[in-house]
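Participant: Mind looking over this structure? Questions follow.
The values are calculated or read from the model by the stated rules, or taken from the named source; none is laboratory data. Just so you know, these numbers come straight off a predicted model, no measurement behind them. For neighbour counting, all protein chains shown are included, and Cβ atoms are generated from backbone atoms with ideal geometry for every residue, glycine included.
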Amino acid sequence: MRAMALIIAAVAGGLLYLVAAIALGSPPAVTDSPAQVVSWLGDHRDVVRIYAWTATFGTVAFATLAAIIRGLLPAPSRDVFLLGAAAFIAETAVQAWCWGALALDVPSPAAARLVLDVADFWGPLLTGATMTMIGSVTVLGFGSRPQIPRWLAWVGVVALTEQAVETITVFGTHGFIAPGGPMNLVLGAGLTGLWLAGLVVWAVGRLRRAAPAEAG
């Protein structure tokens, strides 16, 4: 049952993320003027609401995934992982609130630019939550008695390294390293998503191996 619940939560979360990404498309960049932001919002209110809606259900999916995986990890990794997952959910909710507020009633150009800047910094600050999750699991793959597969540990090393480097987006102002830019939403999201997929594959396999023993 837990293995199936995990698969459903992972698939649902992934699909909701894709719907959200497709809905937003190419939102205003940090270099766009306040007037450009207002113009974009005026044409995309409905898709912004769809994004906020997916974040709402995404909370349920990701919380379920995190709770099941936490149960497979030893202390203290399980608690560190859960704290990172909770931070991930909270920060994503704040970002979705900002987008939802902009769609409800488009404010003045200056106010719209300010609120969108707050939403854009979701990407740079989220690296703290993702590093907490990735690091708490990756350390289990090394030492004389690894508790996760080596392949998952090395995927974690790659993703963790990228997320650490990605913190430079806090200082970015334009281009690839801009807050909410390609480094956050394409490279970072892709590697973190790959690590999460690997984590789910490992967790499902472990749950299925444990099922006969639990049934007996």
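Participant: Only one residue in Pro124, Pro146 is outside any helix (DSSP H, G or I) and either surrounded by 17 or more Cβ atoms within 10 Å (Cβ to Cβ) or on the phi < 0 side of the Ramachandran plot (or both), so which one is that? Break it down stepwise before answering.
Facilitator: Working: Pro124 fails: outside any helix (DSSP H, G or I).
One residue alone meets the criteria, Pro146.
Participant: Quick one: which of Gly135, Gly181, Gly175, Gly100 is at positive phi and among the small types (Gly, Ala, Ser)? Quick ask: steps written out before the conclusion?
Facilitator: Numbers: Gly135 fails: at positive phi; Gly181 fails: at positive phi; Gly100 fails: at positive phi.
Checking each option against the conditions leaves just Gly175.
Participant: Quick one: Trp122 ticks every box in (1) free of Cβ contacts under 8 Å to residues at least 12 places away in the same chain; (2) touching a Cys at 6+ places or on another chain (Cβ under 9 Å); (3) among the aromatic types (Phe, Trp, Tyr) except a single one, so which number is it?
Facilitator: (1)
Participant: Please state which one of Ala203, Ala164, Ala197, Ala211 is modelled with pLDDT under 95 and part of a helix (DSSP H, G or I). Talk me through it step by step, then tell me what you get.
Facilitator: Working: Ala203 fails: modelled with pLDDT under 95; Ala164 fails: modelled with pLDDT under 95; Ala197 fails: modelled with pLDDT under 95.
When all the criteria are applied, what remains is Ala211.
Participant: Given the conditions (1) touching a residue at least 24 places away in the same chain (Cβ under 8 Å); (2) β-branched (Val, Ile, Thr); (3) assigned to a helix (DSSP H, G or I), report the number of the one that Thr138 does not fulfil.
Facilitator: (1)
Participant: For the stretch 35-65, what are the residues that are touching a residue at least 60 places away in the same chain (Cβ under 8 Å) and either under 20 Å from Gly123 (Cβ atoms) or surrounded by fewer than 17 Cβ atoms within 10 Å (Cβ to Cβ) (or both)? Explain how you work it out, then say what you get.
Facilitator: First, the residues of the stretch 35-65 that are touching a residue at least 60 places away in the same chain (Cβ under 8 Å): 35, 37-38, 41-42, 45, 65.
Selection gives Ala35, Val37, Leu41, Gly42, Arg45.
Participant: Where in the stretch 8-111 are the helices (runs of 4 or more DSSP H), entirely inside, with at least 2 residues that are touching a Pro at 6+ places or on another chain (Cβ under 7 Å) and at pLDDT 95 or above? Full working, then the answer.
Facilitator: Values: elements: 34-43, 45-70, 77-104.
Per the criteria, 34-43.
Participant: Still on this structure: When you look at Pro179, is it modelled with pLDDT of 95 or more, closer than 21 Å to Asp32 by Cα and assigned to a helix (DSSP H, G or I), yes or no? Give the steps one after another, and end with the answer.
Facilitator: On the way: modelled with pLDDT of 95 or more: yes; closer than 21 Å to Asp32 by Cα: yes; assigned to a helix (DSSP H, G or I): no.
So Pro179 fails the test.
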